[in-house]
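I have placed the structure first, in the form of structure tokens, so that the comments after it can refer back to it.
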Amino acid sequence: MINFFKQWLLVSMLLIVSFSASAVEILKWQRLPLAVPLVLNQERVIFIDKNVRVGMDASLRSKLRVQSTGGALYLLATEQIMPSRLQVQVVETGEIIIIDVATINGENALEPVKIIDEKDAQLNLTTEEQVAHNQQVTESLKIPAPIALTRYAAQSLYTPLRTIEPLAGVSRVPVKVTHAQLKTLMPTYPIEAKALVAWRLGDYYVTAIKLTNKGFNRIDLDPRKLQGNFYAATFQHTYLGEIKTAEDTTTLYLVTRGASLEKFLFTSIVIEEKA
């Protein structure tokens, strides 16, 4: 039996997707690159409240439309964009703000972004925005890291961007696990597994895995059936419906400690048959 069953129960009970009253995502410029995802053919607005000019690699010019006016940037990706960097220069001071953009899967436009300079944060945020932001940060630090990380991953995939609770220290990491490696995850079921995205918080990693039922029977999802040495596991839904139904797909969040997921998957599975 896999030893993370108790952790899975704890994570499952505390995986609550909460919602924020703010209509704009707040990003604080602390001299670190700011990640701003884009949805293909959906314009996203970035409020900076300063006169700026934008520099970008020549290869982006045919894929990304950038307009700047009145202290706001309007970004529109017309083609898929791999992670790329924009240099946004404040005209008055010459200061450069680094923004990393990339396209993600989705159909609906993402919420506007408001970039606040660290030293001016208290001045630029409204009272309601500051209270909501402080409350979100405080709440995120009250729960164990694996739970906070799993909740952050679920919110990032299933809720509007403006509702994601800030989580200090979290960072996105490359997904290194391959499709072939994931075949050992649930080998006794007709399930296709695909790694979507991964994050890191301190010594913990969470990887979001898309699970799709390729069979004609409902599958009740049980973490004890997973094969691997994981710290915790959480299913977004409790079952998979039969193939080609609305319920045939869900997401699995696997938490590992000390290294990313590929280090903890079994390389091969031996299935014993009863005599």
* Restricting to segment 64-119, what's the tally of residues that are in a strand (DSSP E or B) and polar (S, T, N, Q)? -> 7
* If you take the residues of segment 52-72 that are under 15 Å from residue 36 (Cα atoms) and either β-branched (Val, Ile, Thr) or under 23 Å from the mean Cα position of the chain (by Cα) (or both), which of them is least open to solvent (accessible area, probe 1.4 Å)? -> 64
* Could you tell me whether residue 137 is among the β-branched types (Val, Ile, Thr) and at pLDDT 75 or above? => no
* Within segment 146-160, which residues are outside any loop (DSSP other than H, G, I, E, B) and open to solvent by 30 Å² or more (accessible area, probe 1.4 Å)? -> 151, 152, 156, 157, 158
* To do: Kindly indicate the residue of segment 74-120 that is out of contact with any helix residue (DSSP H, G or I) (no Cβ under 7 Å at 6 or more places or on another chain) and acidic (Asp, Glu) and also surrounded by the most Cβ atoms within 10 Å (Cβ to Cβ) among those meeting that condition.
  => 117
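Yes/no per residue for (1) under 28 Å from residue 103 (Cα atoms); (2) touching a helix residue (DSSP H, G or I) at 6+ places or on another chain (Cβ under 8 Å):
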| position | (1), (2) |
| --- | --- |
| 180 | yes, no |
| 189 | no, yes |
| 193 | yes, yes |
| 206 | yes, yes |
| 209 | yes, yes |
| 226 | no, no |
| 233 | yes, yes |
| 242 | no, no |
| 256 | yes, yes |
* Structure fact -> Among strands (runs of 3 or more DSSP E) entirely inside segment 164-238, those with 3 or more residues being surrounded by 15 or more Cβ atoms within 10 Å (Cβ to Cβ) are 191-201, 204-213, 232-235
* Asked: Taking segment 9-51 on its own, how many of its residues are open to solvent by 40 Å² or more (accessible area, probe 1.4 Å), modelled with pLDDT under 60 and within 25 Å of residue 168 (Cβ to Cβ)?
  -> 8
* residue 164: among the aliphatic types (A, V, I, L, M) and touching an Asp or Glu at 6+ places or on another chain (Cβ under 9 Å), yes or no? -> yes
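The values are calculated or read from the model by the stated rules, or taken from the named source; none is laboratory data. Treat the numbers as computed from the prediction; the structure is a model and nothing was measured. Because the Cβ atoms are built from the backbone with ideal geometry, glycine has one as well, and the counts that use them run over all protein chains shown. Ligands, DNA and RNA are stripped out before the accessible areas are found, and what is left, the full protein with its side chains, is counted by its heavy atoms. Shrake-Rupley method; radii C 1.70, N 1.55, O 1.52, S 1.80 Å.
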